[in-house]
Amino acid sequence: MAKRPQPSPATVNTLREHAPGSGRHEGTVATGNGGETHQHIAHDSDHADAPAHLTTNHGVRISDNQNSLKAGRRGPTLLEDFVLREKIFHFDHERIPERIVHARGSGAHGVFECTDPIAELTSAAILSEKGATCPVFVRFSTVAGGAGSIDTPRDVRGFAVKFYTEQGNWDLVGNNIPVFFIQDAIKFPDLVHSVKMEADRGYPQAGSAHDTFWDFIGLMPEAMHMIMWAMSDRGIPRTLRNIEGFGVHTFRLVNDKGQSQFVKFHWKPVLGLESTTWDEAVKIAGADPDFHRRDLFEAIDSGNFPAWDLGVQVFDEEWAGQQPYDVLDATKLIPEEVLPVRVVGRMTLNRNVDNFFAETEQVAFLPTNVVPGIDFSNDPLLQGRLFSYMDTQKSRLGTTNFHQIPINAPKCPFHNMQRDGLMQTLVPKGRANYEPNSLAEAGEDGGPRECPETGFTSFQARDDSYAEDGKLRLRSETFADHYSQARLFYRSQTENEQAHIASALVFELSKVTLEHVRTRVLSRLRNIDEDLAKRVAAGLATELPAAAKPAVKPIDMDASPALSIQQQSMDTMEGRKVGLLYAEGSDKAMIEKLKKDIEAKGATVFTVAPKVGEIRLKGGTMKADGQLAGSPSVLFDAVVATMPMDAAEKLSKDAGAVQWFADAYVHCKTVAGCPGTQKHLFPKANVEPGEGVCLPEEFVSVGTKRHWAREPTVRMLA
Ligand code: HDD
């Protein structure tokens, strides 16, 4: 056999190619970026300005990070190559189990500040003093999809906040919807199994439009209220910066006299509420599966810190007893018009994570994390959650010591007699690992002690029902009304929002292949609103079945405009993103002026051109932020275009450019176009003159709000 030509030993090392910016220099060993991110290993470079040396996990410097150790030039890799083995071993174990629900999430750091103290209601220090602050970590999430799934499915959004207070961590683990699908935690595994990928086929991913979900929902009338929310525009938010958050359950506030009131927690986005249309959400999923994550990251990165006001609805047991629903039932809300929300503080997210895995993935929220002054109610859904979260962290993070992971550790001192366990990283000193002890009498450190005065004490809620009833498995009859609040929600929406709900139901049920499942859901819709049921049945071209028999006759509650996004919509450009399209020959001064004017209103501008690199304009050259095909208009809240006649004519032959305008128009956005685009692109994109269609010069005065009145002219809604 012919022998291959052998490179001389001197050429072996120079065979490597070094790309510009690879951080490696000919003639030097490979380098890492060193410093803090490497487990706080001290910078071990010989030169202060050079990156740290790459080492094994055990601190031994690595001479070659490109080649494994071989027996001979073309021979097998040696078992003794501990550098290779350690690297591959670590890589093989990089993944941990994803969350069973809320697997897909995005996190950020921030600060909470108390603006209106409620010391008379709670002894929680963070809510008792004006100006009191504490760091927070927030994780937003979708519920059904896996960790790598899209950001914009129709789904509930998780809104989990960890307050690192001086009295310990308080976790408010809520959603962007104030009610839940089920009333008792014992149904949670069934609910989640039904919505996740179907057990045999492993699809659909991140979507509720399938048989098993609607089968379960049809059999669980208590889900009807939350279904109205999930099918509404709340299920397809525009950004995470534009969602509300809710603690959902009734909790308790307890003051330093030991007196207690009930409370519901609310987060109100300072930028107001915004949603997408369904068609838009679907297209965003293709254009940018990380749309929400990217938006949050970029907003924080550019100093546009999103903020939410924390509000409370406070009430006592007597008031609760007078309401036409049970406040312990998580499928019910308290209308804000009946009991106003009092704002007590503001949360601002001002720092992105340094490492997604270490922080966003490893953060562990526990509804059991409460501080003195906050306590639980008997809501059976909440009570079940109090068991579940600790367990899940052990299974996800692998150890009972998950509280020692930096993102989970309290920022106040913590000490107790808990010891050892997998991955123990603390090194407690001394013999005092039991209590009581009298080691102090011998001059040793006796360790910490309980503190009856400032420690957490459970509120002594009196409930005589146990004495009367004994142990039982039942659902209180006060939980039996499943339709009144579903009706309240539906009837509180604008006509356009109602059409969205009906259309979403038609879409979802059209994906259900089991006829009897559709029929059962329709029979339930009749108890919510007859017109809604008729519209959905018509949309499915199916007969309306007899109404399901409700356990309790639904009542008509007063409409609550606070439940509608459109009725609360803020006419502001603050925090919105505008797509600005230009082309060869566009007027540079005009683009710059538009940009300046839009930014002065608090919006950001993303420039789009047929080519992303430097192109020639009237008055200079310019580089765009994005190329047209990669920057569809669904990524923006509103669009504006300015280009010469001939460029517009040329672009009108490009389907992508036509679609840019067509989508923005049917998604009811402001579409501003220069005479060239109005002449050549608008007609092809079916953009008609009317509200929200204007010249670039008029853009700022028209603004970025949606023009919902346009929708019935461009889409057949149910
Ligand atoms: Fe839950 C995660 C919110 C009911 C069991 N839940 C989880 C997260 C949020 C919520 C936001 C993600 C936290 C994060 O970002 O890490 N869950 C809710 C709300 C509920 C609710 C608002 C009802 C009002 N959950 C609920 C019940 C159970 C669970 C009834 C079980 C009995 N939830 C879990 C869990 C998760 C979880 C399995 C998965 C990952 C985790 O906890 O940390 O334990």
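The values are calculated or read from the model by the stated rules, or taken from the named source; none is laboratory data. Computed from a predicted model, the values in this text were never measured in an experiment. Using ideal geometry, Cβ is built from the backbone for each residue, glycine included, and neighbour counts are taken over all protein chains shown. Note: areas computed on protein heavy atoms with side chains; ligands, DNA, RNA excluded. Shrake-Rupley method; radii C 1.70, N 1.55, O 1.52, S 1.80 Å.
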- Query: Residues in the stretch 615-652 that are open to solvent by 20 Å² or more (accessible area, probe 1.4 Å) and out of contact with any helix residue (DSSP H, G or I) (no Cβ under 9 Å at 6 or more places or on another chain): how many?
  - Reply: 4
- among the polar types (S, T, N, Q), open to solvent by less than 20 Å² (accessible area, probe 1.4 Å), more than 16 Å from the ligand (Cβ to nearest atom) and touching a residue at least 24 places away in the same chain (Cβ under 8 Å): does that describe THR165? yes
- Note on the structure: When every residue in the stretch 362-384 that is within 18 Å of ARG104 (Cα to Cα) and in contact with a helix residue (DSSP H, G or I) (Cβ under 9 Å, 6 or more places away or on another chain) is compared, the one farthest from the ligand (Cβ to nearest atom) is GLN362
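Picking from ARG396, ARG342, which residue would you name as being open to solvent by 60 Å² or more (accessible area, probe 1.4 Å) and either at pLDDT 95 or above or within 16 Å of the ligand (Cβ to nearest atom) (or both)?
On the way: ARG396 fails: open to solvent by 60 Å² or more (accessible area, probe 1.4 Å).
The unique qualifying residue is ARG342.
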- Would you confirm whether any residue within the stretch 488-503 is open to solvent by less than 90 Å² (accessible area, probe 1.4 Å) and touching a Pro at 6+ places or on another chain (Cβ under 6 Å)? no
- Message: As an exercise: evaluate GLY443 against (1) open to solvent by less than 100 Å² (accessible area, probe 1.4 Å); (2) under 39 Å from the mean Cα position of the chain (by Cα) and give the number of the one condition it does not meet.
- Response: (2)
- VAL179 meets each of (1) near the ligand (Cβ under 9 Å from one of its atoms); (2) touching a His at 6+ places or on another chain (Cβ under 7 Å); (3) open to solvent by 20 Å² or more (accessible area, probe 1.4 Å) with one exception, condition (3)
- Given (1) surrounded by 16 or more Cβ atoms within 10 Å (Cβ to Cβ); (2) near the ligand (Cβ under 9 Å from one of its atoms), number of the condition PHE387 does not satisfy: (1)
- Query: When MET220 is evaluated against the numbered criteria (1) in contact with an Asp or Glu (Cβ under 9 Å, 6 or more places away or on another chain); (2) within 16 Å of the ligand (Cβ to nearest atom); (3) open to solvent by 10 Å² or more (accessible area, probe 1.4 Å); (4) in contact (Cβ under 8 Å) with a residue 40 or more places away in the chain, which criterion, by number, is the only one it fails?
  - Reply: (4)
- Task: Would you point out the residue of the stretch 56-105, among those that are open to solvent by 70 Å² or more (accessible area, probe 1.4 Å) and of a type in the set (Lys, Arg), that is nearest to the ligand (Cβ to nearest atom)?
- Result: ARG95
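For the stretch 637-655, how many residues are within 20 Å of THR277 (Cα to Cα) and outside any loop (DSSP other than H, G, I, E, B)?
Quick first cut of the stretch 637-655, residues within 20 Å of THR277 (Cα to Cα) only: 637-640.
From what is left, the residues that are outside any loop (DSSP other than H, G, I, E, B) are 638-640.
Number of matching residues: 3.
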- Selected residue (criterion: nearest to the chain's Cα centre (by Cα)) from residues of the stretch 294-324 that are among the aromatic types (Phe, Trp, Tyr) and either open to solvent by 20 Å² or more (accessible area, probe 1.4 Å) or closer than 30 Å to SER106 by Cα (or both): PHE297
- Tell me, which residue of the stretch 583-604 that is surrounded by fewer than 19 Cβ atoms within 10 Å (Cβ to Cβ) and hydrophobic (A, V, I, L, M, F, W, C) is nearest to ASP301 (Cα to Cα)? ALA600
